Amino acid sequence: MKPAPSPAPSPILVEETGPQSFTLTVTFDGQRFECGSYLNRAAAMQAGRLFLQRKEGEAANGRTKRKPGRR
């Protein structure tokens, strides 16, 4: 019998760097994005989920939301 495959690591990584200080790192499509510091873990997780949604939407549409030179 084969062992069960290990679950894929979460693309959202929140690390506690001090009291009331958390850093957010998101991995998407093999790229790593450092997304800043947050006051609590919940805010960092929410920002990470929103970031992933935006990146998935951009990948599905084949382009970025913002176009250079346009307002």
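See the values below:
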read-out: Extension gain (nm, one decimal) between L52 and E16, 0.36 nm per residue minus Cα-Cα; value: 10.9 nm
read-out: Nearest-10 value in Å² for the accessible area of L39, using the 1.4 Å probe; value: 130
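The values are calculated or read from the model by the stated rules, or taken from the named source; none is laboratory data. In this text, all values refer to a predicted model and were calculated from it rather than measured experimentally. Note: accessible area is taken over every heavy atom of the protein model, side chains too, but ligands, DNA and RNA are not part of it. Shrake-Rupley method; radii C 1.70, N 1.55, O 1.52, S 1.80 Å.
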